[in-house]
Amino acid sequence: MARPQRFPPHGMEDYDLGALSDEQQATLSSFKINTRMQNEDYLRTHPEVDVLISGFLRELLLRRPNHVREFAAAYFINPDLPAAVKEKVAQNQNKS
């Protein structure tokens, strides 16, 4: 019997345990596991994602803008960002 093994996230309704058959729940659980594994593999093989996210969060926390959405938009459309990410990835690889 493949039932969810965790409680629902805080603020969400309880799982409807009768909504899916055991087979459907097993298929869904397998899909979730495979998706998570694929996501982890992608993140391991694409260090630029880590550089983008950590760089953005660092700037966000240092500057503490009043308008986060506008700050995020400006950060990610910066024409210098691709070169900065490429440089940081190279620096990180040289450290390893």
When restricted to P8, P65, P79, P4, the only residue surrounded by 10 or more Cβ atoms within 10 Å (Cβ to Cβ) and modelled with pLDDT of 95 or more is P65
Restricted to segment 42-82 and to residues being of a type in the set (D, E, K, R) and within 23 Å of Q93 (Cβ to Cβ), the residue nearest to the chain's Cα centre (by Cα) is D50
For segment 16-43, pairs from a residue that is among the aromatic types (F, W, Y) to a residue that is surrounded by 11 or more Cβ atoms within 10 Å (Cβ to Cβ) and assigned to a loop (DSSP other than H, G, I, E, B), with Cβ under 8 Å and 6 or more apart or across chains, are none
For segment 12-41, the count of residues that are more than 13 Å from the chain's Cα centre (by Cα), acidic (D, E) and either surrounded by 10 or more Cβ atoms within 10 Å (Cβ to Cβ) or on the phi > 0 side of the Ramachandran plot (or both) equals 1
Kindly evaluate V49 against the criterion of being touching a residue at least 24 places away in the same chain (Cβ under 8 Å), of a type in the set (V, I, T) and assigned to a helix (DSSP H, G or I).
no
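Each row is one residue, and each column tells you yes or no for (1) of a type in the set (D, E, K, R); (2) part of a helix (DSSP H, G or I).
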| site | (1), (2) |
| --- | --- |
| I53 | no, yes |
| L57 | no, yes |
| L62 | no, yes |
| R69 | yes, yes |
| A72 | no, yes |
| Y75 | no, yes |
| N78 | no, no |
| K86 | yes, yes |
| A90 | no, yes |
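The values are calculated or read from the model by the stated rules, or taken from the named source; none is laboratory data. The shown structure was predicted, so the numbers you read here are calculated from the model rather than taken from an experiment. Note that we place each Cβ from the backbone using ideal geometry, even for glycine, and neighbour counts take in every protein chain shown.
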